[in-house]
């Protein structure tokens, strides 16, 4: 695996692009979160935010070529933003509106943008891992050098679907990179309470050993380390040498999702599980100190890649863009009710 | 004596009482028992109460194995769809062993799962999967609609020597009701008549029981008396109570949140058509969910689900007071 090379290996345009995408993801999700208070009832069901994962998302997606594909978990807002999906259509989907990415049929948990290589999102933990593996088989058959990125959480790596898929991918040398985002919690459960490797003091990337594929654990809060690691894994996959498992460590900065409640109870995001469940606010505060978004901004400014004023200007543009997404989503009408039956069959 | 509880708390009370009564009862699943101060951990210890990883095949398979070895596991599945990850264990392991071994073993497990969360949970967390499970010989299926039944059916499920899929309706989670104190058992296979009436029989399960009762109130204002039946368990299914009601009313309207061909309604319709044909004065009408994946958007979700107005219209249709529309 290529060692992280640091800022100097990437040009200014690329680095600013990375920061911009991280800011866009954070701002989009802040708007989603705020919608629960500003516009109660507009977002329904269950919504999951990726704050804390921005560096890992952007550092990974940055390696995709135009024909490459990716699959994610239901915590799925960040990837399409970095990939170039229209945030207006994403917000309209999360609001259940006609102009939504999935015509209001899927909502937050099932974002899909085929034109950008985002082939579908399952709400079932681990279910996307075989889907991505199947797409990688397709890429192998086509033989045009396509690669698939498969994002999933630490929790999903205890599903049979994970073990079965990684075995096949390694056996068939499929062009896929498995990016396991270890954010420390599966819903309300800490990793060491449900993962044998973690409980034994090992990294989760040791699971790769069982499939005879490379496994590496990295700091997922550093977009450049993620970029370099995934770059090497993508190159390996494209060369026909098979899959890699990357454990990208981070900390989820919001609770697992908004509260689960029947209609009539206002939905909101509770405090993070470290505070609400485990009585460990110091753990959460320490994680906040490692927030990858301000950290990367500070690093680029300190390294002279851009000035503080330039970074502020990007942030201001991003705020405007995501306010427009909220406005667009709210203005979009509901779909005609009969469209509920439009896509039962192809 | 009785006390008032939300539906979900009544279920918890039943599990707690059964665990106190029988130390072979185990309770485990995802995202529970992660801290020392949780009541079940505190009361029963970590041998009997455990958090699992997200591993449904193992969770349910482990329950089957522990049951074969003499325990009575209750698996906390949260969402009915999560059982689908472990279809083999639910439908082709747990219910088969008793028969395949010539009665040598039993598999007393309870698979506790919420269902029907049609509140914006979109396509993969909202299913009413009753029809899928009720047709598997060897599985029992409970679908409580009240807090009292939620408690009583859970207690019965835990004491039953067979695998039971216990489906609690997510939209009823916080509905309050009077719950009997102490030991409370509701027998399987005995329907409850929720409202008596002479003109038409309505049958609903879970959340649609209240939809049927609401429709019955509206119909009463028009002088139509509807009888409302809640089967409470759908395997075993109390067809006798339904047949007796239809004999009295001559009309049957079935209300079900499930898609039509995977619904309890379709099974009941078949039984009544075969065994109660002479009682019927009009065709049976089913008011079910439309055959669609549940959409996220609110008006679309409402469009595919049964509601009181659809039930009222169906009743008017079968009674000949309006054209049949369902």
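We did not get these values from a lab; they are worked out from the coordinates using the rules stated. No experiment lies behind these values; they were computed from the predicted model shown. Backbone-built Cβ (ideal geometry, glycine too); neighbour counts: all protein chains shown.
What FRET efficiency do you get for residue A:334 and residue A:259 if R0 is 30 Å and r is their Cβ-Cβ distance, rounded to the nearest 0.05? Working shown, then result.
Numbers: r = 24 Å, r/R0 = 0.80.
E(calc), rounded to 0.05, equals 0.80.
Helix B:39-48 and the longest principal axis of the Cα set of chain B meet at an angle near 60°. Normalising by residue count, the range B:2-180 has a Cα convex hull of 111 Å³ per residue. Taking the range B:56-70 and a reference point 7 angstrom along Cα→Cβ of residue B:24, the backbone N atoms nearer than 13 Å belong to B:66-70.
Out of every Cα pair in the protein assembly as shown, what percent are spaced more than 39 Å from each other?
Working: 83345 of 225456 pairs.
Here the long-distance tail beyond 39 Å is 37 percent of all Cα pairs in the protein assembly as shown.
Note on chain A: antiparallel DSSP beta bridges, both residues inside, total approximately 10 percent of the bridges counted.
Of all beta bridges that DSSP places with both ends in the range B:192-318, some 25 percent have antiparallel geometry. Considering only beta bridges that DSSP places wholly inside the range B:2-180, some 20 percent are antiparallel. Considering only alpha-carbon pairs that sit under 8 angstrom and 6 or more positions apart, the relative contact order computed for the range B:2-180 is 30 percent. Angle, helix B:56-68 long axis vs. longest principal axis of chain B, Cα atoms, 0 to 90°, nearest 10? So the inclination is approximately 70 degrees.
The range A:64-211: percent of C-alpha pairs farther apart than 29 Å?
Values: 2160 of 10878 pairs.
Result for the distance tail: 20 percent.
Roughly speaking, what % of Cα-Cα pairs in chain A are separated by over 38 Å, rounded to a whole number?
Working: 7518 of 59685 pairs.
Tail of P(r) above 38 Å: 13 percent of Cα pairs.
Calculated FRET efficiency, residue B:105 and residue B:261, Cβ-Cβ r, R0 45 Å, to nearest 0.05?
On the way: r = 34 Å, r/R0 = 0.75.
The formula returns an efficiency of 0.85 here.
Only Cα pairs under 8 Å and at least 6 apart count here; give the relative contact order of chain A as a rounded whole percent. Please report the intermediate quantities before stating the final value.
Working: 663 pairs, mean separation 82.4, N = 346.
Contact order relative to length: 24 percent.
With N counted as the residues of chain B, its alpha-carbon radius of gyration over 2.2 N^0.38 Å works out to 1.00. Legend: translational diffusion of the range A:133-211 by Stokes-Einstein, Rh = Kirkwood radius over C-alpha pairs, 10 °C, 1.306 mPa s; D = 118 µm²/s. By the count of neighbouring beta-carbon atoms within 10 Å, fewest first, B:141, B:228 end up ordered B:228, B:141. Approximating the spin labels as points 7 Å out from Cα along Cα→Cβ, the residue B:225-to-residue B:16 distance works out to 4.2 nm. Normalising the Debye intensity of the range B:192-318 to I(0), with uniform scatterers on Cα atoms only, and taking log10 at q = 0.09, 0.14 Å⁻¹ returns -0.22, -0.53. By how many degrees, 0 to 90 and rounded to 10, does the Cα axis of helix B:7-21 deviate from the longest principal axis of chain B? On a 0 to 90 degree scale, this one is about 40. A simple spin-label model places pseudo-atoms 7 Å from Cα toward Cβ; at residue B:185 and residue A:285 they are separated by 5.5 nm.
Computed over chain B, relative contact order equals 16 percent, with contacts defined as Cα pairs under 8 Å that lie 6+ residues apart.
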